Amino acid sequence: MSAVKILVVDDEADVRLLFEQRFRREIREGQLVFSYAFSGEEALRYLGQEPHYSQVVLILSDINMPGMSGLELLRQIRQDRPNPPPLVMMITAYGDPQSHAAARQLGANELLSKPLDFALLRQKLLLAL
C-alpha cells in the first residue's frame, strides 16, 4: 500500500510537531505522509504545484485563520479546481452551527472540533482512506 498524502492547513505554529508526535508510527511505517501549509494562500500555492495536487488525498484545514479562511480555501478547492482532492476535513475551535452549515454546503466531508481528539481523527482517517 502506498503512503496516503495529507495536507494540514493551520496557522498555529505547533501543529506540525503535534501531528508528527501523534502519528509517529504511521509516518515511520510509511502509511501517512504529512505536508503543512500555515495559511489558505500557502495551501493553494502548494496545491498549484504538480505533483502535489494530484497526490494529496486528504486536506485537514482549520476554519479560522487570518487572511483566507478555511471556508474560502474549501470553496476554492471544491469549485475552482478540476479533480479536487477527494476528502476535506474542516477543523474549528468554534462549534457554531453557521460554520458547520457553511462547511457542509461548500463540500466538507467531515467537521472536527478543537482541541483535536487524535484517537478519533486516526479512526476517521483509517475509515476514510
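The values are calculated or read from the model by the stated rules, or taken from the named source; none is laboratory data. Given the structure is predicted, the values throughout are model-derived calculations rather than measurements. Virtual Cβ from ideal backbone geometry, glycine too; neighbours counted across all protein chains shown.
Quick look at the numbers
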| read-out | value |
| --- | --- |
| Subset of the range 87-129 (residues that are out of contact with any Ser or Thr (no Cβ under 8 Å at 6 or more places or on another chain) and part of a loop (DSSP other than H, G, I, E, B)) | Y94, D96, L106, G107, A108, N109, P115, L116, D117, L129 |
| Exclusive hit being among the charged types (D, E, K, R) and part of a loop (DSSP other than H, G, I, E, B), set E12, E20, E26 | E12 |
| Flag if G30 is more than 13 Å from the chain's Cα centre (by Cα) and under 14 Å from V4 (Cβ atoms) | yes |
| Number of positions in the range 30-52 that are of a type in the set (A, V, I, L, M) and closer than 20 Å to G70 by Cβ | 4 |
| Filter pass, E12 being over 17 Å from A93 (Cβ atoms) and acidic (D, E) | no |
| Selected residue (only one of G67, G40 is at positive phi and at pLDDT 80 or above) | G67 |
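For (1) in contact (Cβ under 8 Å) with a residue 60 or more places away in the chain; (2) not in a strand (DSSP E or B), each residue gets a yes or a no:
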position	(1), (2)
G30	no, yes
S35	no, no
A43	no, yes
V57	yes, no
N64	no, yes
E72	no, yes
R75	no, yes
